[in-house]
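Below is one structure; the comments refer to it alone.
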Amino acid sequence: MDNRGYIALAIIFVVVALTLLRSSNVGLVDFYDDSTIIGQRSGYNLISGSGITVTGTDDPTNSRVNVTVATTANSGSATVTAGNLFETVTHGLGSTPARVHLTATTDPADAAWYVSTKGATAFTITLVATHVSDITFDWRASKEE
C-alpha cells in the first residue's frame, strides 16, 4: 500500500473517532438555574415544580454531586374512628411541616378537633372527646420555606 492508502485510512480513523467522541457526552456539564453545577450530563433532567424542590451541591472530596429532591407539600385523607380520640397520619414530607390544614368531610356533629403533634414523619389529629361515629378529614401539610 502506498502513502495515499495510509492517508485515506488515517482520515477515516479520525472521522470515526471524532464522531464517537462527539456523540458521547463526556465532559459536558449540566447547570441548575442559579448556575450551580449539579451533575455531569447523564440523561437526567432534574426540574423542580409545584410542591417539589431540587437542589444540588458539589462534593469535591469524592468528585460527586449531592442532589436533594424534597416535597414541600402533601395531602390526603384520614379517619378518626368511632370511640377513638386520635389518628396519627404519615405526611411524607421528610421534615416537620409548618402548617397542617384539616377539613372534616363527614358530619362532625359537635366534635372539636386539633393537630396535637407535628413531627418529621407524621402529625396527629386529636378529638377533644370520643365520638359515636367515624370522622373523616381531608388534610394538607406544607413546609412554607
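The values are calculated or read from the model by the stated rules, or taken from the named source; none is laboratory data. Given the structure is predicted, the values throughout are model-derived calculations rather than measurements. Here the Cβ is made from the backbone with ideal geometry for all residues, glycine too, and neighbour counts use every protein chain on show.
Worth a mention:
- Scanning segment 103-120 for residues that are touching a strand residue (DSSP E or B) at 6+ places or on another chain (Cβ under 6 Å), farther than 24 Å from residue 72 by Cα and not hydroxyl-bearing (Ser, Thr, Tyr) yields 108, 111, 113.
- Which numbered condition residue 52 misses (of (1) aliphatic (A, V, I, L, M); (2) outside the structural domain of residue 137 (by TED's automatic domain parsing); (3) under 16 Å from residue 142 (Cα atoms); (4) modelled with pLDDT of 65 or more): (4)
- Cβ-Cβ distances below 8 Å connect the following pairs, each with a first residue in segment 121-145 that is closer than 21 Å to residue 73 by Cα, a second residue that is of a type in the set (Asp, Glu) and not in a loop (DSSP other than H, G, I, E, B), and a separation of six or more residues or different chains: 124/87; 125/87.
- Within segment 108-120, the residues that satisfy the criterion of being loosely packed, with under 15 Cβ neighbours inside 10 Å, part of a loop (DSSP other than H, G, I, E, B) and touching a residue at least 12 places away in the same chain (Cβ under 8 Å) are 109, 112, 119, 120.
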